[in-house]
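The values are calculated or read from the model by the stated rules, or taken from the named source; none is laboratory data. Remember, predicted model here, so these are calculated numbers, not experimental data. Quick reminder, even Gly has a Cβ in these numbers, built from the backbone with ideal geometry, and neighbours come from all protein chains shown.
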Amino acid sequence: MHRPTLSRFLQTWNHRLRHWSAMCAGTSYYHRPQGLGRVFAPSALKGYFNDLTAKTNWNGKTDQNGIPLNTLTTGARVYFPVLLCQKALGHWDRWLMQDGVADQQEFLKLACWLKERQDCMGGWDTHGPLGQPPQYRYSAMTQGEAISVLVRAYSTTADAAFERASKSAMNLMMRPIEEGGVCSYEVQDVFLEECPGSPRDTVLNGWIFSLFGVHDYLLLFPDHEARALYANTCASLARHLHTYDAGFWSYYSIRTKRLASPFYHNLHINQLRALAQIMHASAIDSTLSNWRRYENSLFYRFWAIILKGFQKLKETNAIMIAE
């Protein structure tokens, strides 16, 4: 193994070990618990579905305007749109709960960043900096969470620029992957892809976050195409949710059958708690009951962690977020 390759290998594994240790200890910024939103209201554009207030505490690098920057294992510093969306939504909830001017300002600053950095397709390059092919640079999770930010910014400012940005983001959300979008249409099913690619490997938490964004959009804008997308993807989720059940834990993604980490299993549970309030399907209730039971079993949790560890050892992602 050449010296640069060895150095890169050691650097990558050093990051992975620190990342896993922080995740298990509950100190990772990216893996703070995300319970049911504390001011969530299912039929109103108020608090967000999941509690993202811990995302407001960013201690990493920022640009000259205070916008967070992520450092990749390559050393490059990039904006990661999902982080910025979640931080904005955390500030929104804190603003609703505490009526603090600082949280209002931070929310609007991040909403303006999203509006100004949206490209001509209506999206934000999420996967390009992580080494993905250009045709898969967008993410339905980014689109959905950005929409949730933009419609809230529009609701509080009445700035038409936020309305235009919301609608542009929704247009990309509905675009098929084959046309550079993030939506996978398969016969009667509609999957919203956090990580578009071929073959499809739908990530459950990303699908649900994306769906949340469409729901928020429809609370403000009467859009027949978006409503049809929402109805179809909700029905698809209800039909396919059982495939994410491993019998003792939940799967993170479906084709590769990657088990969820304890963080993501808990996130799945809390997403389903919110989802049950906006769509009524027996599949949601039964799956939520099963996954809560799995989480409360020390044996199932231990077995899931062991298997997840083996799966992680097989992953060979060359470019990752280091902070």
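Between residues in region 78-102 that are free of Cβ contacts under 8 Å to residues at least 12 places away in the same chain and residues that are in a helix (DSSP H, G or I) and not aromatic (Phe, Trp, Tyr), which pairs lie under 7 Å by C-beta distance while being six or more apart or on different chains?
GLY100/ARG94
Starting from region 162-187, keep only residues that are on the phi > 0 side of the Ramachandran plot and at pLDDT below 95, then list their pairs with residues that are outside any helix (DSSP H, G or I) and buried (at least 18 other Cβ atoms within 10 Å of the Cβ) whose Cβ atoms are within a distance under 7 Å, requiring at least 6 positions of separation or different chains.
none
One residue is enough: does region 36-47 have a residue meeting the conditions surrounded by fewer than 14 Cβ atoms within 10 Å (Cβ to Cβ), assigned to a loop (DSSP other than H, G, I, E, B), of a type in the set (S, T, N, Q) and modelled with pLDDT of 95 or more?
No, because not a single residue in region 36-47 is surrounded by fewer than 14 Cβ atoms within 10 Å (Cβ to Cβ), assigned to a loop (DSSP other than H, G, I, E, B), of a type in the set (S, T, N, Q) and modelled with pLDDT of 95 or more.
Scan region 214-228 and give yes if some residue there is outside any loop (DSSP other than H, G, I, E, B), under 22 Å from LYS308 (Cβ atoms), among the aromatic types (Phe, Trp, Tyr) and modelled with pLDDT of 95 or more, otherwise no.
No, there is no match, as no residue in region 214-228 is outside any loop (DSSP other than H, G, I, E, B), under 22 Å from LYS308 (Cβ atoms), among the aromatic types (Phe, Trp, Tyr) and modelled with pLDDT of 95 or more.
Surrounded by fewer than 24 Cβ atoms within 10 Å (Cβ to Cβ), closer than 20 Å to ILE254 by Cα and modelled with pLDDT of 95 or more, is that true of ASN205?
yes
Given the residues GLU116, GLU145, which is the only one that is surrounded by fewer than 19 Cβ atoms within 10 Å (Cβ to Cβ) and among the charged types (D, E, K, R)?
GLU116
Could you identify the single residue in ALA165, ALA146, ALA169 that is among the hydrophobic types (A, V, I, L, M, F, W, C), over 18 Å from the mean Cα position of the chain (by Cα) and outside any loop (DSSP other than H, G, I, E, B)?
ALA165
Which ones in region 186-202 are surrounded by 16 or more Cβ atoms within 10 Å (Cβ to Cβ) and either within 25 Å of PRO222 (Cα to Cα) or acidic (Asp, Glu) (or both)?
Answer for region 186-202, where residues must be surrounded by 16 or more Cβ atoms within 10 Å (Cβ to Cβ) and either within 25 Å of PRO222 (Cα to Cα) or acidic (Asp, Glu) (or both): VAL190, PHE191, LEU192, GLU193, GLU194, ASP201.
Check off (1) crowded, with 24+ Cβ neighbours inside 10 Å; (2) touching a Ser or Thr at 6+ places or on another chain (Cβ under 9 Å) for GLN132 and give me the number that stays unchecked.
(1)
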